[in-house]
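Student: Got a structure for you, questions after.
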Amino acid sequence: MADPRFAVAYDGLDAEYATFKIDDSTITYSATATNGSAVVGRAVTLSAANTVALAADGEAIIGKLISVESDKVCRVQYEGYMTLPAGTGASLTLGKKIVGCLLSSAKGYIREVATGTAAELGVARGYIVDAGTTTAVVVNLE
């Protein structure tokens with residue numbers, strides 16, 4: 001049996017959470033969806049004061065959507081290690097900061113920052129730790 005001390009895992013490391021309102025457009029509540037929404041697990045950005053929406057291409061990532069409640073508030077992991085899905089054809093270089101990306105036309109995905117784009121450099125955050133699984137890219141938002 002392998003020694004569990006040698007298993008690489010980041011689950012919950014340095015995790016911090018906050019409560020926000022949902023935009024009720026890109027993020028909606030569903031009583032039948034796991035954790036209250038079909039888009040739980042995707043990357044979010046600020047869309048208004050105290051309100052989050054799914055991140056679009058080149059937007060700042062403030063965290064990962066964890067759950068949505070019927071009163072239109074949600075829980076977001078805004079710090080620490082987490083997994084986020086990558087967008088269509090996303091470049092994912094270890095150590096690079098991240099911004100929003102699209103998967104086809106769907107929002108809430110990530111890619112590495114385009115270092116030649118000043119607007120993206122101004123909002124890029126965290127860094128890519130493991131891009132081995134594009135549906136679950138390990139990032140650290142510090």
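The values are calculated or read from the model by the stated rules, or taken from the named source; none is laboratory data. Everything quoted here is computed from the prediction, not taken from an experiment. Here the Cβ positions follow ideal geometry from the backbone for every residue, glycine too, while neighbour counts run over all protein chains shown. Keep in mind that these areas ignore ligands, DNA and RNA; they rest on the heavy atoms of the full protein, side chains included. Shrake-Rupley method; radii C 1.70, N 1.55, O 1.52, S 1.80 Å.
Student: Out of all the residues in the stretch 58-75, is one or more under 15 Å from Val138 (Cβ atoms), over 12 Å from the mean Cα position of the chain (by Cα) and hydrophobic (A, V, I, L, M, F, W, C)? Write out each step before concluding.
Tutor: Within the stretch 58-75, the subset under 15 Å from Val138 (Cβ atoms) is 61, 63-64.
Checking which are over 12 Å from the mean Cα position of the chain (by Cα) leaves us with none.
For the stretch 58-75, residues under 15 Å from Val138 (Cβ atoms), over 12 Å from the mean Cα position of the chain (by Cα) and hydrophobic (A, V, I, L, M, F, W, C): absent.
Student: Starting from residues that are among the β-branched types (Val, Ile, Thr), within 13 Å of Ala43 (Cβ to Cβ) and assigned to a loop (DSSP other than H, G, I, E, B), keep the ones in the stretch 114-142 and report whichever is least open to solvent (accessible area, probe 1.4 Å).
Tutor: Val123
Student: Filter the stretch 15-25 for residues that are touching a residue at least 60 places away in the same chain (Cβ under 8 Å) and open to solvent by 40 Å² or more (accessible area, probe 1.4 Å); which is farthest from Tyr81 (Cα to Cα)? Don't jump to the end; show me each part of the working.
Tutor: Here is the first cut: in the stretch 15-25, the ones touching a residue at least 60 places away in the same chain (Cβ under 8 Å) are 15-18.
Pick out the ones that are also open to solvent by 40 Å² or more (accessible area, probe 1.4 Å) and you get 16-17.
Values: Glu16: 10, Tyr17: 12 Å.
Only one residue tops the list, namely Tyr17.
Student: Here is a follow-up. Please verify whether the stretch 27-42 includes one or more residues that are touching a residue at least 24 places away in the same chain (Cβ under 8 Å), over 26 Å from Thr134 (Cβ atoms) and of a type in the set (Lys, Arg).
Tutor: Checked the stretch 27-42: no residue is touching a residue at least 24 places away in the same chain (Cβ under 8 Å), over 26 Å from Thr134 (Cβ atoms) and of a type in the set (Lys, Arg).
Student: Out of (1) part of a strand (DSSP E or B); (2) charged (D, E, K, R); (3) surrounded by fewer than 20 Cβ atoms within 10 Å (Cβ to Cβ), the odd one out for Lys107 is which?
Tutor: All conditions are met except number (3).
Student: Residues of the stretch 78-104 being in a strand (DSSP E or B) and either β-branched (Val, Ile, Thr) or over 16 Å from Ile128 (Cα atoms) (or both), which ones?
Tutor: So in the stretch 78-104, the residues in a strand (DSSP E or B) come out as 78-84, 86, 98-103.
Once the filter is applied, which keeps residues that are in a strand (DSSP E or B) and either β-branched (Val, Ile, Thr) or over 16 Å from Ile128 (Cα atoms) (or both), the stretch 78-104 yields Thr83, Ile98, Val99, Leu102, Leu103.
Student: Checking the conditions here, which among Gly36, Gly12 is open to solvent by less than 90 Å² (accessible area, probe 1.4 Å), in contact with an Asp or Glu (Cβ under 9 Å, 6 or more places away or on another chain) and over 22 Å from Val99 (Cβ atoms)? Give the derivation first.
Tutor: Values: Gly12 fails: in contact with an Asp or Glu (Cβ under 9 Å, 6 or more places away or on another chain).
It is Gly36.
Student: If we keep just the residues of the stretch 49-102 that are among the hydrophobic types (A, V, I, L, M, F, W, C) and open to solvent by 70 Å² or more (accessible area, probe 1.4 Å), which is nearest to Ser37 (Cα to Cα)?
Tutor: Step one: of the stretch 49-102, the residues among the hydrophobic types (A, V, I, L, M, F, W, C) are 49, 52-56, 60-62, 65-66, 68, 73-74, 76, 82, 84, 86, 90, 92, 94, 98-99, 101-102.
After this cut, where a residue has to be open to solvent by 70 Å² or more (accessible area, probe 1.4 Å) as well, the list is 49, 94.
Numbers: Ala49: 21, Leu94: 30 Å.
Residue satisfying both the conditions and the ranking: Ala49.
Student: A follow-up question, please. Go through the stretch 81-132 and report how many residues are over 15 Å from Gly63 (Cα atoms), touching a residue at least 60 places away in the same chain (Cβ under 8 Å) and hydrophobic (A, V, I, L, M, F, W, C).
Tutor: Going through the stretch 81-132 one residue at a time, the tally reaches 2.
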